[in-house]
Amino acid sequence: MQSQDLIYANFPELLKNYQGTGRRESANFLHWFLENIYRLDNVAAADCICDQSNDKGIDAVYVDHNAEEINFFQSKISQKEDTSIGDAQIKTFIGSVAQFDTPEKVQNVLAGNANEDLKKLIIRNELATLVERGYSAKMIFVANAERDHNTIELEKHFPNLTVYSASDIALNYIEFDAAEGIKESFMFDTSYSGFIKLIVDEKTQVFLLPVSATELVKLSGIADGTLFSQNVRYSLGNTPVNKAIAGSVATKAEHKNFSLYHNGVTLICKNATVDQGTEKITVSNYVVVNGAQSITTFFHSATKLSDDLRVFVKIIALESDELSRKITLNSNNQNSIKPRDLRSNHDIMLRLRAEFENSGSGFEFHIKRGQASTAGLESISNEDAGRQLLAFDLNEPYSCHQIYRVFDDKYAEIFGRPEVTYGRIIFLEQLMAVVSEALGELKNRPMAGYALTKYFLLNCLGHIIRLFDEGRVFLSDNARMNAQHSRQEIVQLCKEIAHALVIDFNYEIEAAGPLFDYKSDLKSPDAVKDWRLKLLRSYEKDFKRSKIVGFGKEIGRDIT
């Protein structure tokens, strides 16, 4: 994205997905910003917004519990290209946020004539309580214009103020292509038995035809998976379904019966044309959204194929991305669809994957089951990342065995946060490696191999880092989190701490006696809290006696 893309003339296209909300244009712009720049989920972004009349100068409120900050937003749209941000509107915004700097002032806003959306946000987020607990205010001013000297001067005097100008927004926008696939043409031969054509509407038509497997393996993008890039998953390897397909391919006598057993392949394309003279259907800009298992098996068994082995192919030519997604989700039924599959083409996942690709970090982010690894890169699955974030950030190590929660009811809370960058995901992956190594010293070996144990210790490390002011600053600073040297510095300190935690854990487990049931305790929120408190108290004693390292000169908060 370029800053020029944010001129007012481009707003109808930029904000087309937010039309019909009944909100003002500035609120739709802020919604776009919260999703694409501040990295919130669509629903979470909408929940933040309170941009109505009498909103007390606040357009949105988001609570960052990791950083213990209340983020107040205001957005302004400049319709003229030569307009700068200045300082007048920002000064007014600063005054508006001052209405929330004490619990008493927050209650006054609630008791006053503020609009209902703002009052609901105050109540829902318990802002008065958070202010009383010491949560700080962060002001974010969003505009499609550029700074001038007045803006810059004002920023110098207010460290809790962040201005996002058009250039800032363009710099932080992650480009990704949700409409992936093969950007070329392919011709299907229909001379074998013709085809059935169905016209759904003026922009959607369907062709059904039997296609030889020898023809299907000539489609581009099978080897590298780009043919299936809009599928909710890739080929899943040696599953019962794939074994059955391979068995039928290997038995030549079964080739003529293959179409009787097989559910078919679904191919979506932008255009499909029929040449009556050559009896060929030409498709362009195409992707296979169902049938990855079969086509991949054919591709790897090419020497065993024959012209008798045919599969029914449904070619759908359409223009609607929304309809394309619905077809993808509803046509996958050979292997069960999991919540992770349904999220694999979600904007947050695509944005994170693009971030990894652009980072040069040496890591790649896998968002689909069956995705092949790239030589020379370490891979991190979104499943592992989600569990680690659930334990470390959301403080729920006891839920990490319930993988459905990562991509279902907890999905937005886990991934849809501004601090979830490629750097944070890499950091937690590296911390998990530290935890796994330390667990080699846990005397209760079955417990050491129990899945929830590592998430519990990862959670304990998170609490210890947050005991220190310096640790909390690191965890809330995306720039430092994305910097390899900063991550490594914290990871190295965690190695010593993790080993110390395991030593203390050994003593506590022994003291618990023979009836200690770790499987039950590690699934219990209350038991997890009790065990964590024991380990953190031991750590605090060792730190104050200078027996163990920390993330600052002194512990800056109470252990809870």
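We did not get these values from a lab; they are worked out from the coordinates using the rules stated. Predicted model only: the values in this text are computed from it and were never measured. Here the Cβ is made from the backbone with ideal geometry for all residues, glycine too, and neighbour counts use every protein chain on show.
For the reader, a short list of remarks on this structure follows.
- With θ taken as phi - 60° and the Karplus curve 6.51 cos²θ - 1.76 cosθ + 1.60 applied, the whole-hertz 3J(HN,Hα) list for segment 265-276 is 10, 10, 10, 10, 9, 7, 9, 9, 10, 10, 9, 5 Hz, x standing for glycine and proline.
- Tilt relative to the chain, helix 382-392 - C-alpha long axis, 0 to 90 degrees, to 10: 20 degrees
- Here the contact order of segment 3-172, divided by its residue count and restricted to Cα pairs under 8 Å and six or more residues apart, works out to 26 percent.
- Residue (of S524, G552, S167) at the positive-pole extreme of the chain, dipole from beta-carbon charges: S524
- Placing unit charges on the Cβ atoms of the charged side chains and taking the dipole of the chain about its Cα centre, the candidate lying farthest along the positive direction among T303, I464, F195 is T303.
- Computed from the Cβ-Cβ distance with R0 of 51 Å, the FRET efficiency linking D189 to V473 stands at 0.20.
- Two-site FRET efficiency, E441 against K541, from Cβ-Cβ distance with R₀ of 22 Å, rounded to 0.05: 0.65
- Segment 371-477: relative contact order as a whole-number percent, Cα under 8 Å and 6+ apart: 33 percent
- Total charge dipole magnitude, segment 388-503, about the Cα centre, Cβ charges on Lys, Arg, Asp, Glu only, Debye to nearest 20: 200 debye
- Placing unit charges on the Cβ atoms of the charged side chains and taking the dipole of the chain about its Cα centre, the candidate lying farthest along the positive direction among I85, A391, A98 is A391.
- Segment 1-76 and segment 478-534 have their alpha-carbon centroids 38 Å apart.
- Estimated inter-spin distance, T214 and A511, nm [label 7 Å along Cα→Cβ]: 7.5 nm
- The overall shape of the chain, judged from the alpha-carbon gyration tensor, is oblate: a/c is not under 1.5, and a/b is no greater than b/c.
- Among S361, S524, S324, the ranking by other beta carbons within 10 Å of each residue's beta carbon, starting with the fewest, stands as S524, S361, S324.
- Potential extension, T204-Q2 segment - 0.36 nm per residue separation minus Cα distance: 69.3 nm
- Residue exposure sequence - K529, K270, K547 - by fewest surrounding Cβ within 10 Å: K547, K529, K270
- Nonlocal amide H pairs with G416, under 5 Å, H built at 1.01 Å: D41
- Built amide H within the under 5 Å cut-off of A137, gap 5+: I70
- In order along segment 285-299, the phi-based Karplus estimate (6.51 cos²θ - 1.76 cosθ + 1.60, θ = phi - 60°) of 3J(HN,Hα) comes to 6, 10, 8, 8, 9, 8, x, 4, 4, 5, 5, 5, 5, 4, 4 Hz; Gly and Pro are listed as x.
- Fully extending the segment from D530 to F158 would add 129.8 nm, taking 0.36 nm per residue of separation and subtracting the current Cα-Cα distance.
- Fewest neighbouring Cβ atoms within 10 Å first, the residues R387, R532 line up as R532, R387.
- For the chain: relative contact order, % (alpha-carbon pairs under 8 angstrom, 6 or more apart): 12 percent
- Note on segment 3-172: antiparallel DSSP beta bridges, both residues inside, total approximately 30 percent of the bridges counted.
- Converting phi to 3J(HN,Hα) with the Karplus coefficients 6.51, -1.76 and 1.60 and the offset θ = phi - 60°, segment 100-109 yields 10, 8, 9, x, 5, 5, 4, 5, 5, 5 Hz in sequence order, with x at every glycine or proline.
- Only helices enter the 222 nm calculation for the chain: every DSSP H run of n ≥ 4 contributes -39,500 (n - 2.57), and dividing by all residues gives -13000 deg cm²/dmol, rounded to 500.
- Here the chain carries DSSP beta bridges of which approximately 60% are antiparallel, counting only pairs with both residues inside.
- Rounded to the nearest 10 degrees, the angle from helix 88-97 to the longest Cα principal axis of the chain is 70 degrees.
- Three-way shape call for segment 439-520 based on the alpha-carbon gyration tensor, with the a/c threshold at 1.5: prolate
- For E364, residues with placed amide H under 5 Å, excluding near neighbours: E378, S379, I380
- Degrees, to the nearest 10: 422-438 long Cα axis against longest axis of the chain: 80 degrees
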